[in-house]
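Visitor: Okay, here's the structure, questions in a sec.
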Amino acid sequence: MKLLKPNWVSHDDLPIFSIDIHPDGSRFATGGQGEDSGRIVIWNMAPVVSEKIENDENVPKMLCQMDNHLACVNCVRWSFSGKFLASGGDDKLIMIWKISKYASGGNTVFGSGKVNVETWRCATTLRGHNGDVLDMAWSPHDAWLATCSVDNTVIVWNALKMPEMVAILKGHSGLVKGVAWDPVGKYVASQSDDKTLRIWRTADWQQDAIISEPFEECGGTTHVLRLSWSPDGQYLVSAHAMNGGGPTAQIVEREGWRQDKDFVGHRKAVTCVRFNSNILQKSYKSWCKPQQYCCCAIGSRDRSLSVWLTALKRPLVVIHELFSNSVLDLSWSGSGLQLMACSWDGSVAFVEFSEEELGKPLTLEEKSTLHERMYGKFLSPSARQTCVVETPELLEVREKQAEIKDAAVATNQSEPATEQPVTQRTPMKGPINKQIETRTSDGKRRITPMFIPPAPDSGDVPLPFGASGSQQPTFSSSSETKSRIVIEKRDDIVTPNVSGSSNSRPCDATSAIPTTPVVNSTSSQPPISSQTVGQNRITSNTSDGRLEVQKVDRSVPTVVATKRRMDSAHGTGTKLPTVKRSRPPVATSSDKQLQPTSLPQPSAKVGLPGVGDVDSGQGLKLPPLKLQDGKGFVVRISGGIGLHRNRCLEVENGAYGSSFGSLTKVRMFSDGHSAGDMPGWEAVLGYPVCGSVANSQLVAIACEDATLHLLQTDTGQRPLPPLVLSSPASRLALNASQQVMAVTCRGNVSVWDILKTKALVRNESLLPVMQAEPGSTVTILSCSLTEEGHPIVSLSTGKAYMFSAELGNWLVLANSRDPVQRCSLHRAFVTTLPTSENTRGLPLACLQSHVISGGNLLGQGSSVSALCTVTFLEQQLAACRALNSKQEYHSWLLALARFLVQEGLETRLRLICDDLLGPTHSRAKNSKSWETSLMGFSKHALLREVLPLIGSNLRLQRIYTEYSDQLAMLSEEK
Amino acid sequence: MAKVQLCNVVVLDNPSPFLNPFQFELTFECIEELKEDLEWKMIYVGSAESEEHDQILDTIYVGPIPEGKHMFVFQANPPDVLKIPVVDALGVTVVLLTCSYRQQEFVRVGYFINNEYTDPELKENPPTQPQFDKVFRNILASQPRVTRFKINWDDTDTLHQTTENTAHTLEEELVNSNSAVGFSESSSQSAMEVM
């Protein structure tokens, strides 16, 4: 055992009320009194553990100090995920902290000379207690946070949806000074000055038990009463209890809440108890079987610390006189071998054990197996209610389901989702590259400061740090004559947003600031940047988002544009920086002409910078069809009948010369023909062919004169004279029902039904769907025509569109860049369709295989991604309907059902079931509004497939029973 | 909980001629959107002996302030030399930056300033009437004195704490320390500890 008191861990000698080691053991947090506030400090753990690191001056010891609490911090607790730190204090507030990385890096605690190596920001503030918050605890899986207060209550917060309150546990009649969760999440316990310990059920948040006998003789002499639950869930150990006139820590057994054992020996009241979160194991020589036990540390007002193993009757170790005042909190590291304690005397102690002394911790799997053995199936937060199977059929269904349970679903189910308990942040932020100065009516300046956007919280879990801590931010002095912040002065007269102001119109001040720069008084300023001066840099222009390349000359200082006249009286004799009239600091720009930055650009003229060249005004320009060698090509046609099973079409430009120009030869052969074979049919065309498509019914040939020739595949006859295209063809497509699609170079799409000699789509422009981001180009990846004659194009933007002639509009079928899709977790719920070589049955999959690229699966089951999944699945269903793809519709419908069942989204599920079930009243058959089939499937048959899925979630068993009964009734009627 | 934390102050253009404007680049962090503007003041302490020589160089409003980190430059003209007592023109004095929310001051940063001639001749024999255009101002930027006050940040109009007594400790200290004229950073260090 190693014992150490690191003297550098201190709150300037003020009391430290709470300590907690980060789950990954890299940091620990202390909470307590600050100079004129509450104080939280996050410390580096490594210098505590290793002396070598402690002496290394490059390794920071203090990582971050937060003085935001107005009054003493009584408790700090890391979430199990390690992402969040909760703090509660005398200011009645609970704050949830998370790490954030500002672009500016480190940070000083201004004026104190201390350096914050990390930045932790308050993600949420929880307000609800009416008095000092004394203790807190995160529930297993971080689903809830319980906090207790001198207002006699315990509040349970929804940790997944801060600041939502789940329950207020009322019942104590005195200050509540400790709170602890049962490790399997069934109970939460609290201990109070009212001389009781109460156990509350998490199922209904009602009181399950009240234990008062061991506490009858207790007085309220401790600051806190931090109780703790053993990691195997079997024992709850209280803080201060009395037995035979001596202070004890009472052991309460889970079984019937029996109280016949206690930890005795401390001479004053026990303030805190903390179990090691590991279940330990050791095989003694005398025992044949390794014994499992728990380990518990107890701190007391008698300034001593004791460590107990549940396998031993005597304490493992007692450390007397560890502090000069009461012990106030204890924390074990995740590994279970390190223990820290803090005291009112303002110091902390660190104890390290060896595995021989303490025992070998069980692995997480072994621990959860143990939990499962003792308490049944481990209750994950999503399935927290205890459910009883109510009907025998359901049991049967469940057994069947268990057999065929999708492995993917099982793996996806876990993840207790702690994404973003952050409330919606204010959308309106200040300018990020300048400060804006206006004047109020009384002549004072009003400054809108420059907003420093935080870097996106990457990963969120604090990472172990390397040598990065050595970057000490400089502060305070600067010989620079000017700040890098650009000051933009405006002539507007504003009203300060101050309540005491004489001419205040409340909250009106913001409206006085125009959101776009006022052209006359402002100009674009170089954004702050010290390093990039002298280099080319891309500056996004605020007015229209276009990009331009600026070259900033080193010799031109970044200058403050000012309208304010410099006071000449003060200006004389001083070396004021020259104030230049505002002008964009642009020296050169490439071949493109420079746009005056302040003038708004008519958007039409910008057109589609990405799409090819902009052709005299607006419109698209797509590459025309072209033969690779310009001479000819062969098209193979399969799928004919009888002899003509496989044929090929040969086209040869300039095959014959004539006095009027060259002729193009078109010939149709049976496959495998030899050189001397006679063609099936033969034709000539007067203009060179630039492209062709063919199937077993029809051959479509586009010529360079922008005509489209149509020929029967079997006979070579022309059903129609050549069609004239509005511009040369860029893409052609055919379908089996003799419909032809042509995309012209100008981006117009037409579809004709040759059999019916009718236009299905007339010269519809691709312009609306081929909008490119500035600087990129959009190309067509593929074109196709559905069996119903709807043209489909998939684009390089990752999107695919279908034109609906009925709606006269383009529909989005796939969008791989849609954040909704990217956040969606649908993959685990889709049973892969048989991928036969013939993808014709799966048009949507075919289409999306083109465009879905690099969609990344976020492994987080947050509520947002659940919503995204549902939205995406419904989009897929709509796309399948539009494409009339039955097989895929079926597959996506089941995927949606599976997802809704897993998430327990009852209302949505009911909507689906109601539609599938249809009207159930006796005249149902006469109902006109309800179709019995959906996409060619019987709705009832679909419902029969969906119901077993519903049965797999016990919480939805009532829905299962309800619909299966009704379905059975309907089938009987038939 | 204090909604606004001052993160950093950079003194710009320092040292500089006495008649140059004061420039401070302030960085602060706000943990919750503020309903009202902040009011910043720059105060030049003309004489350590009495407050009546304090000059408010400028008062500005800063807002709107959404949640997050913000930065701005607070620039103000130098003090009116006519209002500075001749005896206090040179030597050590103080500039204060204060910030208030709803007319409650919650943070005050003080910097010591040393004003002196750079011209050795003038140093030796200072003219009876100070020649301010030859005076240089050196702000002891590495030693800010930060005093924070608890105020009521909420909307309710209760608890109005004034802490004027602590606010002027800097000036008292100044009076005490003014006898020691030596203003090199090393010698002043020991006398100045963080409050």
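Just so you know, all these numbers are worked out from the coordinates, no wet-lab data involved. Everything quoted here is computed from the prediction, not taken from an experiment. Using ideal geometry, Cβ is built from the backbone for each residue, glycine included, and neighbour counts are taken over all protein chains shown.
Visitor: Let me confirm one metric for peptide B:13-25, namely the mean number of other chain beta-carbon atoms within 10 Å of its residues' beta-carbons.
Guide: That works out to 5 on average.
Visitor: Further question: I want to verify the translational diffusion coefficient of segment A:145-188 in µm²/s; compute it with Stokes-Einstein, Rh as the Kirkwood radius over Cα pairs, at 4 °C and 1.567 mPa s.
Guide: 119 µm²/s
Visitor: Sticking with this structure for a sec: P(r) of segment B:1-134 in 10 Å steps, Cα pairs, percent per bin?
Guide: 11, 39, 28, 15, 6, 1
Visitor: Once the piece of chain linking A:R944 and A:D677 is laid out straight, how much longer is it, given 0.36 nm per residue of separation minus the C-alpha distance between them?
Guide: Contour length minus the Cα-Cα distance gives 90.3 nm.
Visitor: What is the gain in length, in nm to one decimal, between A:Q771 and A:E216 on full extension, counting 0.36 nm per residue of separation less the C-alpha to C-alpha distance?
Guide: Fully extending the segment from A:Q771 to A:E216 adds 192.1 nm.
Visitor: Over 29 Å between C-alpha atoms is what I'm after, so list which of A:K177/A:K282; A:K268/B:K3; A:K5/A:K161; A:K2/A:K186; A:K489/B:K35 land there.
Guide: Those over the limit are A:K177/A:K282; A:K268/B:K3; A:K5/A:K161; A:K2/A:K186.
Visitor: Fully extended, how many nm does the chain gain between A:V318 and A:S335 (0.36 nm per residue separation, minus their Cα-Cα distance)?
Guide: 4.0 nm
Visitor: Continuing with this model, one more query. At q = 0.11, 0.13 Å⁻¹, what is the base-10 log of I(q)/I(0) for segment A:1-157 according to the Debye formula with one equal point scatterer per Cα and no solvent? Please give it to two decimals.
Guide: Those come out to -0.42, -0.59, one per q.
Visitor: How far apart, in nm, are two points set 7 Å out from the Cα along the Cα-to-Cβ line at A:N158 and at A:K626?
Guide: 6.0 nm
Visitor: In whole angstrom, how far apart do the alpha carbon centroids of segment A:704-740 and segment A:1-47 sit?
Guide: Centre-to-centre (Cα) distance: 80 Å.
Visitor: Can you give the FRET efficiency to the nearest 0.05 for A:E806 and A:D24, using r as the Cβ-Cβ distance and R₀ = 60 Å? Don't skip to the end; give the middle numbers.
Guide: Details: r = 58 Å, r/R0 = 0.97.
Computed FRET efficiency for A:E806 and A:D24: 0.55.
Visitor: Give the calculated FRET efficiency between A:A878 and A:R910 to the nearest 0.05, with a Förster radius of 22 Å applied to their Cβ-Cβ distance.
Guide: 0.65
Visitor: Post the alpha-carbon centroid distance, segment B:13-30 to segment A:319-352, in whole angstrom.
Guide: 46 Å
Visitor: Add +1 for every Lys or Arg and -1 for every Asp or Glu among the other residues with Cβ under 10 Å from the Cβ of A:C342, and state the total. Walk me through the intermediate numbers first.
Guide: Numbers: positive: none; negative: A:D20, A:D329, A:D345.
Summing Lys/Arg as +1 and Asp/Glu as -1 gives -3.
Visitor: What is the calculated FRET efficiency for A:R258 to A:T920, with r their C-beta to C-beta distance and R₀ = 56 Å, to the nearest 0.05? Don't skip to the answer; put the middle values down first.
Guide: Values: r = 54 Å, r/R0 = 0.96.
Efficiency for this residue pair is about 0.55.
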